[in-house]
Each structure stands twice: as structure tokens, then as C-alpha cells.
Amino acid sequence: IMVLMMMLNRAYNVLRAITYLPVGLFAVMQAAVPRQVLFLNSGTVVAVVITACLFMMFSTYSRSDSVRTVYTVFLLLSAGLAAQYCFLLFVPVFWIICIQMRVMGPRAFLASLMGVATVWIILFGTGIVTVADVRLPRITNIFEAIDMRSALYLLTATAVTAFMLLSSVLANVLKTIAYNARARAYNGALVLVAVAAVAAMALDYDNLLAYLPLLNVCAAYQITHYFVNHRYERQYIAVLAIVGVYVALYLWRLSL
């Protein structure tokens, strides 16, 4: 995930500066919820796939002939959907991103539909999956899945990250408006994914852990974007303060 974050910024300069700060912030945010880094889980897969899809979509800006890239993006989303239902939310999100990238047209839309359908045609057509194998998501209340104290900690950590994310987005609005069209499209796509992640966590809190690493990716980008846009003396104190918040959360977690 961290490699993809660096590749995304280096290739498209979405933060208007080359910095390792978003990677560092993401690492601290992830470490605050240890269960997210102990083993491969849905949240890790969601963050990897969505970040990779953003990397590919940014390359299509104002290129109406990039139908293969659009097809691949929706193929990945559909493959993820076969294992984790939260990917369904990001299908319409990436249709909007196609519009932001000025690539949406009849060919691109058909390519997206074909990308979604291909996975299911392969799964059903080869007999890997049958209709009987398809299951609706099993909804488990987060307070039943883990004990109350751990649930309270998880919700607090998530709320802190979401607050920092949305505050940074609002603080960056006036600066990003002044960017050129390409930069606005890139940042608009990042903001859209961030807002979608926050909304998904609020509406689908039973599946909160599947969205948490993606929320951390978005928050790390937006917080770094704020620091890049608003430079002032001893800025490192503000960065250390944010790190300190997550260290305090981690120490709380150790006491549970």
C-alpha cells in the first residue's frame, strides 16, 4: 500500500510535492489498530485495489482511447466484489471518476460494464462458482464481533481519523480551486474516494474494518496536502502532534 501511495504521488504529483510524510502518517494510523497489520485481510485488499485503480485512472486523463485501462479498473473492482461486497460501492464511484478524468463516453462505459461482467462470466462459465455458491453478505454487528471495550476503541480511532480527513479536505478547498484542470481532477478523485469511504463506514459499520486502511490512505494524503499547501514555521510540531494522537490511541489499545 505504501509503495502504491508513493508511486501515485511521484507519477502524478497529486500533492504538489515529493514527500514521504503520507507514508509515515499511514504507517502510524495503521499501527494504531494492530489487527490491521498482523495478517492479510479485507481492508488490506480494498486499500491495495482502490489505490491501484486510482493509479491507472489518473493515466487516462483526457484520453478517450483509454478503454483498456477503464476495462481493467472495473475488472479489478468486480474481482474484489466476488470476495468482499464493499467493492460494489466503488463501481459508481469510479464511474464518476471517469467523468472527472474526461474519459467517460459510450466506449468507456461499455468497457466498464464488460470489465464488471467478465469476472462473473469466467466464474460461472467455467463452473468455478455456481448459483448455489452465491451468498448474501452476513451482517454481524461490530459490538457482537468484538468485545465492547475493543469496539469503543475501534470506533474512536476511526472517528479521529475521519475528523482529521474531513477537516483537511475543507482546509484544502480554496487552494485546490486554483489548480489547473488536471490537478483539480486528480484531487477531486482522491476527495471523492475519501468521502465515499467515510460514508460507507457510517452506513456499513458492521464491515468497518474493510474500509479502515483505505480511510487511512485518504487521510494521510489529505493531511499531507494540507501541510504542503499551508507552510509555516515549526510545522513539524503539528505533524508530531498528529503522530502523538495515534501513539496515545495505541497505548490505550495496549491497556484493553
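The values are calculated or read from the model by the stated rules, or taken from the named source; none is laboratory data. Here the structure is a predicted model, which means the values were calculated and not measured. Here the Cβ positions follow ideal geometry from the backbone for every residue, glycine too, while neighbour counts run over all protein chains shown. For accessibility, only protein heavy atoms count, side chains too; no ligands or nucleic acids. Shrake-Rupley method; radii C 1.70, N 1.55, O 1.52, S 1.80 Å.
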The listed residue being hydrophobic (A, V, I, L, M, F, W, C), over 16 Å from the mean Cα position of the chain (by Cα), open to solvent by 10 Å² or more (accessible area, probe 1.4 Å) and under 24 Å from Gly43 (Cβ atoms), out of Val160, Val169: Val160
The stretch 36-59, residues that are assigned to a helix (DSSP H, G or I) and over 21 Å from Tyr205 (Cα atoms): Thr51, Ala52, Cys53, Leu54, Phe55, Met56, Met57, Phe58
Every pair of residues 6+ apart whose Cβ atoms lie under 7 Å, when the first sits in the stretch 181-193 and is free of Cβ contacts under 8 Å to residues at least 24 places away in the same chain while the second is buried (at least 17 other Cβ atoms within 10 Å of the Cβ): Arg184/Thr176
Residue list for the stretch 1-11, restricted to those being more than 14 Å from the chain's Cα centre (by Cα) and surrounded by 17 or more Cβ atoms within 10 Å (Cβ to Cβ): Asn9
Qualifying positions in the stretch 58-76 - closer than 19 Å to Val191 by Cβ and of a type in the set (A, V, I, L, M, F, W, C): Phe58, Val73
Residue match in the stretch 20-35 (condition: assigned to a loop (DSSP other than H, G, I, E, B) and over 27 Å from Thr176 (Cβ atoms)): yes
Residue list for the stretch 97-119, restricted to those being within 23 Å of Ala199 (Cα to Cα) and open to solvent by 80 Å² or more (accessible area, probe 1.4 Å): Ile99
Boolean, Phe94 is more than 30 Å from Arg135 (Cβ to Cβ) and either modelled with pLDDT under 95 or open to solvent by less than 70 Å² (accessible area, probe 1.4 Å) (or both): no
Tally of residues being touching a helix residue (DSSP H, G or I) at 6+ places or on another chain (Cβ under 8 Å) and open to solvent by 50 Å² or more (accessible area, probe 1.4 Å) across the stretch 43-70: 6
Pair list, Cβ under 6 Å, 6 or more apart: the stretch 43-67 residue closer than 22 Å to Leu208 by Cβ, other residue part of a loop (DSSP other than H, G, I, E, B): Ala47/Ile1; Val48/Ile1
Residue match in the stretch 177-200 (condition: open to solvent by 40 Å² or more (accessible area, probe 1.4 Å) and within 20 Å of Ala32 (Cα to Cα)): no
The lone exception for Val73 - which of (1) of a type in the set (A, V, I, L, M, F, W, C); (2) over 30 Å from Leu249 (Cβ atoms); (3) open to solvent by 10 Å² or more (accessible area, probe 1.4 Å) it fails: (3)
